[in-house]
Amino acid sequence: MTSIHIAAEVGEVAERVLLPGDPVRAKIIAENFLDDVHQYTAIRNIWGFTGKYKGARVSVQSTGMGIPSISIYLHELIHVFGAKKLIRVGTCGGMNEDIRLRDVLIAQGSSTDSSIVRQVLGGAVNFSLLADFDLLSTAVTVAKDLNLPVKVGNVICTDLFYNDYDDVNGTFGDGKRTFNDKLRAHGIMAVEMESAALYLHAAAAKVQALAIFTVSDDLWRNERCTPEERQSSFNDMIKIALETIIR
Ligand code: HPA
């Protein structure tokens with residue numbers, strides 16, 4: 001074992017890594033999309049697999065949920081195992097009228113209420129958390145080639161899945177708009193919980209990163225995907241991510 005949370009030997013993890021939160025999703029991706037698969041870790045049941053996609057070595061490492069959890073796996077993947085291209089494949093909650101359940105979204109930017117940027121860079125700058133431009137433009141081209149629609153824009157990466165405070169879900173400041181309304185007004189497409197860590201750690205390590213999501217919850221209409229509905233859009237997202245990561 002060569003890192004604390006990933007029980008792999010150096011060389012067992014590929015330079016290209018897909019990052020779902022859920023270990024079961026990691027297994028489904030490995031079994032349905034990759035050849036010659038082997039599982040390299042099961043610590044805490046946070047599973048990781050390496051296989052081949054169209055002949056190229058690709059790993060699928062689950063990360064758990066939220067910035068602290070994904071930060072642990074990102075650190076070890078990048079600094080112990082030498083990961084160079086990382087694509088998160090996750091779910092998100094749509095926040096705008098034009099975002100629908102099962103849409104595939106790509107985070108060009110990630111805004112966050114987390115303190116991680118301040119912890120790393122201090123408070124003098126509101127650092128822009130950005131997708132790697134080459135991965136982003138490749139993913140958009142791949143999606144066009146596959147005839148799969150995607151929406152590209154800014155997301156909010158939050159530390160709290162459940163946030164009952166009045167200034168988020170109730171009225172905010174002027175007594176009329178909620179905090180989510182203000183995010184919507186600034187074009188935020190969706191809410192999720194990991195992309196800020198991915199873009200921050202990738203920038204610091206000079207590796208390439210991209211976050212792609214399917215919309216599993218619609219916070220605008222208060223609707224939610226059934227598990228079956230999640231699966232079909234999930235497969236489209238995985239195809240885009242895999243074709244992107246091998247190009
Ligand atoms: N909030 C935060 N993260 C999420 C959500 C949500 O509603 N849905 C999927 N990931």
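Within segment 215-235, work out how many residues are over 15 Å from Ala26 (Cα atoms) and either crowded, with 17+ Cβ neighbours inside 10 Å or within 13 Å of the ligand (Cβ to nearest atom) (or both).
Filtering segment 215-235 for residues over 15 Å from Ala26 (Cα atoms) gives 215-229, 232-233.
Going one step further and asking which of them are either crowded, with 17+ Cβ neighbours inside 10 Å or within 13 Å of the ligand (Cβ to nearest atom) (or both), we end up with 215-225, 233.
Going through segment 215-235 one residue at a time, the tally reaches 12.
Which one of these does Asp113 not meet: (1) within 28 Å of Ala14 (Cβ to Cβ); (2) of a type in the set (Asp, Glu); (3) within 16 Å of the ligand (Cβ to nearest atom)?
(1)
Give the residues of segment 116-135 that are small (Gly, Ala, Ser) and touching a strand residue (DSSP E or B) at 6+ places or on another chain (Cβ under 8 Å), sorted by residue number. Before the answer, list the steps.
Residues of segment 116-135 that are small (Gly, Ala, Ser), as a first pass: 122-124, 128, 131.
Selection gives Ser128, Ala131.
Taking strands (runs of 3 or more DSSP E) that fall entirely within segment 1-107, which contain at least 1 residues that are small (Gly, Ala, Ser) and buried (at least 23 other Cβ atoms within 10 Å of the Cβ)? Give the steps one after another, and end with the answer.
Details: elements: 16-19, 35-41, 48-53, 56-61, 85-94.
Filter on segment 1-107 gives 48-53, 56-61, 85-94.
Specify the residue that is farthest from the chain's Cα centre (by Cα); the eligible residues are those in segment 182-198 that are away from the ligand (no atom under 16 Å from the Cβ) and in contact (Cβ under 8 Å) with a residue 24 or more places away in the chain.
Kept after step one, since they are away from the ligand (no atom under 16 Å from the Cβ), are these residues of segment 182-198: 182, 185-187.
Filter once more, so that each one left must be in contact (Cβ under 8 Å) with a residue 24 or more places away in the chain: 186-187.
Working: His186: 21, Gly187: 19 Å.
Among them, the one singled out is His186.
What residue, among those in segment 182-198 that are in a helix (DSSP H, G or I) and within 23 Å of Arg224 (Cα to Cα), is most open to solvent (accessible area, probe 1.4 Å)? Please lay out each step first, then the result.
Initially, segment 182-198 is screened for residues in a helix (DSSP H, G or I), giving 182-185, 195-198.
If we keep only those that are within 23 Å of Arg224 (Cα to Cα) too, we end up with 182-185, 195.
Values: Lys182: 50, Leu183: 28, Arg184: 42, Ala185: 67, Ser195: 0 Å².
Here the answer is Ala185.
Run Thr141 past the list (1) open to solvent by 10 Å² or more (accessible area, probe 1.4 Å); (2) part of a loop (DSSP other than H, G, I, E, B) and report the number of the one that doesn't hold.
Just one mismatch for Thr141, condition (2).
The values are calculated or read from the model by the stated rules, or taken from the named source; none is laboratory data. Quick caveat: nothing in here was measured; it's all calculated off a predicted structure. So basically every Cβ, Gly included, is an ideal-geometry build from the backbone, and we count neighbours across all protein chains shown. Calculation scope for accessible area: heavy atoms of the full protein, side chains included, ligands and nucleic acids excluded. Shrake-Rupley method; radii C 1.70, N 1.55, O 1.52, S 1.80 Å.
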